[in-house]
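To keep things clear, I will list the structure first and then write my remarks on it.
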Amino acid sequence: MPANKVYVRTFGCQMNEYDSEKITDVLRDEQGWQITRQPEDADLIVFNTCSIRDKAQQKMRSDLGRLRALKDANPQLLIGVGGCVASQEGAALLDSAPFVDLVFGPQTLHRLPGMIAARRASGRAQVDVSFPEMEKFDHLPPPSKSGPCAYVSIIEGCSKYCSFCVVPYTRGEEASRRLDDVLTEIADLADQGVREVTLLGQNVNAYRGAMGTTLGPAGGASESGECADFALLLELVSEIPGIERIRYTTSHPREFTARLIEAHARLPKLALHVHLPVQSGSDRVLAAMKRGYTALEYKAIARRLRAVQPAISLASDFIVGFPGETEDDFQQTLQLVEELQFDASFSFVYSRRPGTPAADLADTTAPAVKLARLQRLQSSLDAIEARISREMIGQVHPVLVEGFSQRNPGELTGRCSNRRTVNFVADPALVGTFVDVRITQALKHTLRGEPVVDTLGRLAA
Ligand code: SAH
Ligand code: F3S
């Protein structure tokens with residue numbers, strides 16, 4: 001019998017990208033599924049959904065609706081909906097989309113093979129959006145990787161409950177993976193040629209991973225009860241042979257400890273790039289958002305980070321038009337941006353999410369005003385990003401070569417420590433290695449460069 005084919009479409013964040021990879025891993029490992037890029041060829045179509053903002057959710061809804069025609073043409077086709085919309089709606093999703101066969105959440109994706117079997121045997125839709133903490137990681141096959149960069153989830157969920165955000169409800173409370181599980185997975189990836197690892201979580205610096213088992217008095221294994229914090233995790237990851245660069249995303253200002261700042265001073269493998277969402281520059285708005293810090297506290301973190309790593313690029317997330325945000329509040333956000341000179345950041349218009357505390361706040365700012373604020377903020381952020389890119393021209397940066405440029409397969413592509421993409425012409429054998437590249441040109445979203453060669457014409461890298 002020919003292998004079943006699965007088509008996975010991912011909406012939303014890097015966490016979802018990661019989960020999508022795990023979905024295909026578990027289907028391949030347990031039931032021999034193959035991946036297809038053509039939904040028309042698929043026996044199973046999975047939408048891994050996002051509910052962070054209304055727009056993402058609406059887009060997913062309308063694309064999902066279009067699958068009905070495929071299903072009408074091929075009644076054997078299975079349709080699965082995973083991720084945050086599935087988690088939030090559960091079985092109710094079937095009321096609005098009765099052609100869906102499988103509804104699963106971020107914490108139950110490993111149960112998909114069983115759900116498919118049950119669906120086929122019973123002919124009934126299967127729903128499982130429970131939160132069996134960490135069970136997932138015990139059931140996923142070991143990661144397999146062909147490129148030099150990999151993501152590793154270290155902490156799932158979020159317990160911060162910012163007043164605007166759905167994540168704590170869709171992904172559950174913070175739960176850290178065991179320290180030795182994380183380290184083994186990364187060592188495994190390094191053996192497969194991975195050189196750069198991105199530690200993933202909604203709040204990676206909330207990490208508290210249980211540390212190994214110790215031999216109890218009777219010789220039996222028992223938990224030592226100790227936990228590793230994020231700074232210790234970074235230190236141990238940087239000792240893994242083969243891992244040359246470490247990134248993490250996202251971190252939260254509330255747990256950006258002195259130990260973490262000190263790790264940036266001490267660990268040369270830590271990328272010179274930190275994504276630290278601030279959301280707003282106004283203390284009034286930050287309090288209403290329940291972010292748990294003031295603008296001054298945020299600035300202190302930035303100052304201390306830059307004191308230990310002056311070249312560090314600090315990226316952020318912003319929400320404009322939060323209920324009650326005044327022009328004055330917004331000015332304080334613009335001021336913070338100018339003061340801290342944020343690099344490549346994300347900004348969004350506030351999106352009301354039913355079920356979150358902020359959804360009950362009076363929101364009287366006109367949509368046009370919010371949009372205008374977004375544009376002002378984005379042009380300010382873009383100008384800074386462009387300036388930082390321009391200043392890189394002439395400098396030499398170590399670039400981890402990830403593969404061939406999408407636009408021009410004759411060129412190699414990779415990223416600098418500050419995450420900018422650099423395209424350049426060089427020997428394809430360099431894919432998977434670090435190359436010193438002199439930056440020659442700054443374009444809107446990418447840089448161009450040339451590999452540095454020594455006087456004998458050899459690559460200096
Ligand atoms: N863990 C991250 C946030 C993850 S969500 C943190 O530390 O803040 C990614 C980004 O989406 C957030 O930083 C925020 O800027 C944006 N976001 C979340 N909920 C939103 C909403 N209801 N409306 C608009 N933007 C939102
Ligand atoms: Fe959301 Fe705030 Fe957590 S933005 S993911 S509740 S830190």
- Note on the structure: Computed ³J(HN,Hα) along region 187-192: with the Karplus parameters 6.51/-1.76/1.60, θ = phi - 60°, integer Hz and x for glycine or proline, the list is 4, 4, 5, 4, 4, 8
- Item | Note, ³J(HN,Hα) from phi for region 97-112, Karplus 6.51, -1.76, 1.60, rounded to Hz, x at Gly and Pro | 9, x, 7, 7, 9, 9, 10, 9, x, x, 9, 10, 5, 5, 8, 3
- the chain: longest stretch without exposed trypsin sites (Lys or Arg not before Pro) (DSSP loop, at most 12 other Cβ within 10 Å), sites themselves excluded? 125-406
- Note on the structure: Summing -39500 (n - 2.57) over every DSSP H run of at least 4 residues in the chain and dividing by its residue count gives a helix-only mean residue ellipticity at 222 nm, to the nearest 500 deg cm²/dmol, of -10500 deg cm²/dmol
- Local net charge near V285, Cβ-Cβ under 15 Å (Lys/Arg +1, Asp/Glu -1): -3
- Task: Round to a whole angstrom and tell me the spacing of the C-alpha centers of region 424-447 and region 306-346.
- Result: 29 Å
- Item | Accessible surface of region 225-336, 1.4 Å probe, proportion on carbon and sulfur as whole % | 55 percent
- Task: Could you state the accessible area per residue of the chain in Å², with a 1.4 Å probe and every protein chain left in place?
- Result: 44 Å²
- Note on the structure: For A315, other-chain or 5+-apart residues with amide H closer than 5 Å (H placed, Pro excluded) are V274, H275, L276, D343
- Starting from the Cα gyration tensor of region 89-213, take the square roots of the eigenvalues, sort them a ≥ b ≥ c, and report rounded, prolate or oblate (rounded when a/c is under 1.5, otherwise prolate if a/b is larger than b/c, else oblate). oblate
- Message: Under the rule a/c < 1.5 gives rounded, and otherwise a/b versus b/c splits prolate from oblate, where does region 218-314 land using the Cα gyration tensor?
- Response: oblate
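The values are calculated or read from the model by the stated rules, or taken from the named source; none is laboratory data. Because the structure is predicted, anything quoted here is derived from the model rather than measured. Using ideal geometry, Cβ is built from the backbone for each residue, glycine included, and neighbour counts are taken over all protein chains shown. Ligands, DNA and RNA are excluded from the accessible area calculation, which covers all protein heavy atoms including side chains. Shrake-Rupley method; radii C 1.70, N 1.55, O 1.52, S 1.80 Å.
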